[in-house]
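These notes concern the structure reproduced below.
The values are calculated or read from the model by the stated rules, or taken from the named source; none is laboratory data. This one's a predicted model, so the numbers in the text were calculated from it and none came from an experiment. Note: ideal-geometry Cβ built from the backbone for every residue, glycine included; neighbour counts use all protein chains shown.
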Amino acid sequence: MMWDFIERFTNENLVDEESVFQLGEEWYSVPKSLFKLGKDLPRHPVFVGTFLGRKKNNYIVPGVALLDLLAASKKTKKVFVADKAGWLFVCGKNVLHSSVQNVENAPQKGDWVLVMQSEDCLGFGEVETELSDAKGAIKNLFDIGDFLRRERKN
Amino acid sequence: MNAFEQRYRQIGGKIVPVVLKPAIRVNTLKIDEQQLAERLAAKGVVLKKIPFAKHGYAVESSKFSLGASVEYLKGYLTPQETAAQLPVQVLDPQPGDRVLDMAAAPGVKTSQISQWMQNKGTIVAVEKNNRRVVGMKNNLERLDAQNCIAFNTDATKLKEWKLTFNKILLDAPCMGNYVKDKDWLGKHTLNELDRNTMTQKALLAAAVSLCEKNGTIVYSTCSLEPEENEFIIDWALRTLPVRCVSTGLTIGKEGLTQAFGKRLTADVKNTRRLWPHETQTEGFFVAKLVRQ
């Protein structure tokens, strides 16, 4: 599932497969020393190394580190938005096409795109209609405001 | 007069309402301090370097809560009270160390350890309270702590795992203090001390058994009660193979060497006690022990 998720954005090998450690329904990228420790100890860890993402229903909820890896790739499709639209996006709203200031790698209808505020990846969404449709919007599929929502739930 | 205030007066303290300035730690794993300061300045946020806390800044003014900002969500900063930034500074973890964080939730100090280690070396973080694990995981993820393995277990049981560490942080569960909670004085009684000190002694004894010879243990609390602080260190110096050395901190006062008619081991003065009315921080206590 994790690999399918990454392939929605790029066919590059962004994560070393051998470093990936699955913990229940969560995936981590783990340095060798921690990997061995995690295997040797009598109890399962609850967190180890770099969190890549978790399964939620039939979707992947990506970790911030994975989003940053995707954002660092020159091949992934991106839309760039200004501060106000960026903040609305992290509050769970969609991105109006009229708020998109710039794009990278020509996103088209049906694509998953990273939503960027300058160099910061704020999450990702799906282009529901062509970006030329001024009334359209990019559907919010995940945003980093999730941290605040998780904290409130907790 | 409240029972706590009576006690504090006997040991040179008092209860004075303190308005804490919000403080943040810049997470240099993700951004340069100068870069973040400039970025926030452009949004009208005025920061002031805290002279005694590496990477620590007081928020002098801001029109929005930094705890609900893109900079927070991206892990460039984390709200962390000034005094709470000090235990890791005293521990001084370095790249390549093997560090144990014994009461790790909510993971802010654990991530601070990762920052000091530049994500190199190993941190074993342990939290006993299951309900606090989710928050800890969120912080470890947000703040990019990559060299950490965390467990939901009781740190006193780690002896069975046959691990040793050269640095250990025990930010012990404690009674807290009156600064952050205006109802604190009405909520707490001295009866809690017995149970707390039993837990603190058990955790500190476990820390000593898990620490390598010449390794460092930092014991801290956000309590002002000598029973949870100087008395615990006095007990450790009398019964465990440790010595108490200077924390290197300039803020706060030397630890008490006598309180409530009890005379303590002289080296307890090497600990540091932060009275809120003097330091304008929350109440805090830090001790640095070296395993013999």
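Points worth noting:
- Looking at B:Glu141, B:Glu127, just one residue is modelled with pLDDT of 95 or more and touching a Phe, Trp or Tyr at 6+ places or on another chain (Cβ under 7 Å), and that residue is B:Glu141.
- Which listed residue is in contact (Cβ under 8 Å) with a residue 60 or more places away in the chain and more than 26 Å from B:Arg272 (Cβ to Cβ), from B:Gly75, B:Gly67: B:Gly75
- Meeting the requirement of 2 or more residues that are among the aliphatic types (A, V, I, L, M), the strands (runs of 3 or more DSSP E) wholly within region B:182-292 are B:211-221, B:242-245, B:284-291.
- The strands (runs of 3 or more DSSP E) falling completely within region B:48-133 that include 1 or more residues that are outside the structural domain of B:Pro276 (by the TED database) and small (Gly, Ala, Ser) map to B:56-61.
- Residues located in region A:51-60, provided they are within 11 Å of chain B (Cβ to nearest Cβ) and aromatic (Phe, Trp, Tyr): A:Phe51
- Whichever residue in region B:114-151 is within 17 Å of B:Ala207 (Cα to Cα) and either out of contact with any helix residue (DSSP H, G or I) (no Cβ under 7 Å at 6 or more places or on another chain) or of a type outside the set (Ser, Thr, Tyr) (or both) and, among such residues, is farthest from the other protein chains (Cβ to nearest Cβ): B:Lys128
- Any chance A:Leu70 is in a helix (DSSP H, G or I), within 15 Å of the chain's Cα centre (by Cα) and away from chain B (no Cβ under 12 Å): yes
- Residues that are outside any strand (DSSP E or B) and either modelled with pLDDT of 95 or more or in contact with a helix residue (DSSP H, G or I) (Cβ under 9 Å, 6 or more places away or on another chain) (or both) within region B:171-181 comprise B:Ala172, B:Pro173, B:Cys174, B:Met175, B:Gly176, B:Asn177, B:Tyr178, B:Val179, B:Asp181, listed in sequence order.
- Some residue of region B:246-259 being surrounded by fewer than 20 Cβ atoms within 10 Å (Cβ to Cβ), under 15 Å from B:Cys174 (Cα atoms) and either among the hydrophobic types (A, V, I, L, M, F, W, C) or not assigned by the TED database to the domain that holds B:Trp184 (or both): no
- Among the residues of region B:1-38, the ones that are hydroxyl-bearing (Ser, Thr, Tyr) and under 21 Å from the mean Cα position of the chain (by Cα) come to 1 in all.
- Of the residues in region A:136-144, at least one is away from chain B (no Cβ under 14 Å), surrounded by fewer than 16 Cβ atoms within 10 Å (Cβ to Cβ) and within 16 Å of the chain's Cα centre (by Cα).
- Residues being within 14 Å of chain B (Cβ to nearest Cβ) and in contact with a strand residue (DSSP E or B) (Cβ under 9 Å, 6 or more places away or on another chain) - total across region A:81-112: 11
- Conditions (1) in contact with a strand residue (DSSP E or B) (Cβ under 8 Å, 6 or more places away or on another chain); (2) of a type in the set (A, V, I, L, M, F, W, C); (3) buried (at least 21 other Cβ atoms within 10 Å of the Cβ): number failed by B:Ala105: (1)
- Within region B:22-47, if we keep just the residues that are of a type outside the set (Asp, Glu) and loosely packed, with under 14 Cβ neighbours inside 10 Å, the residue that is nearest to B:Gln80 (Cα to Cα) turns out to be B:Val46.
- Unique residue being within 9 Å of chain B (Cβ to nearest Cβ), of a type outside the set (Ser, Thr, Tyr) and more than 25 Å from A:Asp111 (Cβ to Cβ) when the list is A:Gly63, A:Gly38: A:Gly38
- Going through (1) in contact with a strand residue (DSSP E or B) (Cβ under 7 Å, 6 or more places away or on another chain); (2) in a strand (DSSP E or B) one by one, A:Val15 falls short only on (2).
- Residue count for region B:59-97 satisfying the condition of being within 14 Å of chain A (Cβ to nearest Cβ) and hydroxyl-bearing (Ser, Thr, Tyr): 5.
- Within region A:1-35, the residues that satisfy the criterion of being closer than 14 Å to A:Leu70 by Cβ, crowded, with 17+ Cβ neighbours inside 10 Å and either of a type in the set (Phe, Trp, Tyr) or within 11 Å of chain B (Cβ to nearest Cβ) (or both) are A:Phe5, A:Phe9, A:Ser29.
- Scanning region A:41-50 for residues that are in a loop (DSSP other than H, G, I, E, B), within 7 Å of chain B (Cβ to nearest Cβ) and under 28 Å from the mean Cα position of the chain (by Cα) gives A:Pro45, A:Val46, A:Gly49.
- Restricting region B:152-170 to residues that are at the interface with chain A (Cβ under 8 Å from one of its Cβ atoms) and in a helix (DSSP H, G or I) leaves a set whose member that is surrounded by the fewest Cβ atoms within 10 Å (Cβ to Cβ) is B:Glu160.
- A:Gln101 falls short on exactly one of the conditions (1) under 27 Å from A:Glu151 (Cα atoms); (2) part of a strand (DSSP E or B), and that condition is (1).
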